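Below is one structure, written out as structure tokens; comments come after it.
All of the numbers you see were taken from the coordinates with simple rules; none came from a lab. Fair warning: this is a prediction, and the values are worked out from it, not measured in the lab. Note: ideal-geometry Cβ built from the backbone for every residue, glycine included; neighbour counts use all protein chains shown.
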Amino acid sequence: MNFDQDSEKKTTFSELTIEAILKDNFQNKKTRIPKETLSLVTEYLRIITEEGAKRIISIAKTEESSQVDVCHIEQYLPQFLLDI
């Protein structure tokens with residue numbers, strides 16, 4: 001994947017998609033998710049995804065690469081696991 005310094009797109013997630021993923025993992029299918037909770041979880045996922053992408057791009061730039069490669073993601077994963 002090529003990256004460009006000037007292009008910045010806002011990361012978005014569908015609350016309906018996040019809700020479906022969460023509900024798929026509930027043991028009790030009657031469990032409800034309050035709207036505020038769903039909004040907070042969605043925002044949290046947006047933030048960690050955006051920050052992760054920025055850090056991975058930074059790793060690639062440090063190695064003077066013009067592309068993000070799997071090896072850059074692999075370098076970031078240990079730090080990501082500590083961050084969450």
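Some points to look at:
- Linear extension gain, Glu43 paired with Val70, 0.36 nm per residue minus alpha-carbon span: 7.2 nm
- Relative to the current alpha-carbon distance between Arg32 and Glu15, full extension at 0.36 nm per residue lengthens the span by 4.7 nm.
- Each helix, a run of at least 4 DSSP H residues, gives -39500 (n - 2.57); summed and divided by the residues of the chain, these come to -21000 deg cm²/dmol at 222 nm.
- Taking every C-alpha pair closer than 8 Å and separated by at least 6 residues, the mean separation divided by the residue count of the chain gives a relative contact order of 36 percent.
- Positive-end extreme of charge dipole, the chain - chosen from Cys71, Ile84, Gln27 (charges on Cβ): Gln27
- Percent of C-alpha pairs per 10 Å bin, the stretch 15-83, short to long: 18, 34, 26, 18, 4, 0
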